[in-house]
1. What is the extension gain from R121 to A191, computed as 0.36 nm multiplied by their sequence separation minus the C-alpha to C-alpha distance, in nm to one decimal?
2. Which whole-Hz couplings ³J(HN,Hα) result when phi for each residue of the range 24-34 is put into the Karplus expression 6.51 cos²θ - 1.76 cosθ + 1.60, θ = phi - 60°, listed in order with x for Gly and Pro?
3. What's the extension gain from R111 to D18 if we count 0.36 nm per residue and subtract their Cα-Cα distance?
4. Among all lysine pairs in the chain that are eight or more places apart or on different chains, how many have alpha carbons less than 27 angstrom apart?
5. Mean separation of Cα pairs under 8 Å and 6+ residues apart, divided by the residue count of the chain: what relative contact order is that in percent?
6. Only helical DSSP H runs with n ≥ 4 go in: add -39500 (n - 2.57) per run for the chain, normalise by residue count and round the 222 nm mean residue ellipticity to 500 deg cm²/dmol.
7. Quick query: amide H of V196 versus all other amide H atoms, modeled in the peptide plane; which residues come in under 5 Å with a sequence gap of 5 or more or a different chain?
8. Across the range 224-234, in residue order, what do the Karplus-derived ³J(HN,Hα) couplings come to in whole Hz, using 6.51 cos²θ - 1.76 cosθ + 1.60 with θ = phi - 60° and x for Gly and Pro?
Amino acid sequence: MSATSPLPAEAAKPVQVDGLVKRYGEVVAVDGVSLALAPGECLGLLGPNGAGKSTLIRSIVGRVVPDAGTVSILGEPAGSPAARLALGWVPQDLALYPRLTCRENLDAFGRYQGLRGAALRAAVDRCLDWAALAERGGDRVASLSGGMKRRLNMAAGIIHSPRVILLDEPTVGVDPQSRNRIFEMIEALGAEGISVLYTTHYMEEAERLCDRIAVVDHGRVIAEGARDRLVRDAFGTRSEVLVRFEDPDGPAAAWARERGGRLDGGVAHFEVEHAADIGGLLEGAARAGHEVADVSLHKPNLESVFLHLTGRELRE
């Protein structure tokens, strides 16, 4: 095999990104990102708005041509016919025909992917069952709830049975019941060994669904690993103390920063090695004349890691 030949599909990573760079004028949207998705893995892609996630996703899909670096899907160049066949993309915005029925929508998207005849009919039935929409197959999309539209949108993206699926915030704007159903749909994909790249603005989703997390900020992957490893790397054995002062925007804020605290939404976040350290922290606040309204001890979680690394909430 020559050095330029793609790897056999069974030996290649579902997604392989090496040294990816994309600029828009003076703005570097993606700055040397290298990332790999393992077979059967759900990899969560987290980052604040403007971090470069969308450009990275569109590069993987083949909609953006990078200025440097490479992207491959099962060993095939991103955007190539073989890569498009292996990849399913569910964009954040709904891509459905509102005047067509659920079944007609899936039939159309299946035909776009080259399915015909019995294979197409079987794929439509399979996707309606997967999305829990079998009983609504004859209903027009315009009559569906927001959650049902989301599920149908996902079904349209996997109609051709891809081995790699990109899910871009698939639960935006849905009710809790539909969100749980979507979780079950994604978990069913994992049970079939399908590889999933998942972007979300909800930390609890990433903690439930993702085997591994990659945090993106300023166009770079700034942390990568399993949830427990990310927490351990960021905090070690330390815990977080959350302190809300009676006057959070006054002198207490400056005092908290001097003590190494991080302010977020009027709450000061401190790190302590032992729970007994809380006493000294509160005594120091009292001596400085700052009245505490509430205090709590938290074991660090994925959201703690995100704030620690980026200094910003995920929804900013």
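Bear in mind that the values in this text are calculations on the coordinates, not laboratory data. Since the structure is predicted, the reported quantities are computational estimates derived from the model, not experimental observations. Here the Cβ is made from the backbone with ideal geometry for all residues, glycine too, and neighbour counts use every protein chain on show.
1. Gain on stretching R121 to A191: 22.9 nm.
2. 10, x, 7, 8, 9, 6, 10, 10, x, 6, 10
3. Residue separation times 0.36 nm, minus the Cα-Cα distance, leaves 30.2 nm.
4. Close lysine pairs under the 27 Å cut-off: 4.
5. With pairs under 8 Å counted, the relative contact order is 20 percent.
6. -10500 deg cm²/dmol
7. Counting only residues 5 or more places away or on other chains, the set is E41, C42, L43, I165.
8. The phi angles translate into 7, x, 5, 3, 4, 5, 4, 5, 5, 5, 7 Hz.
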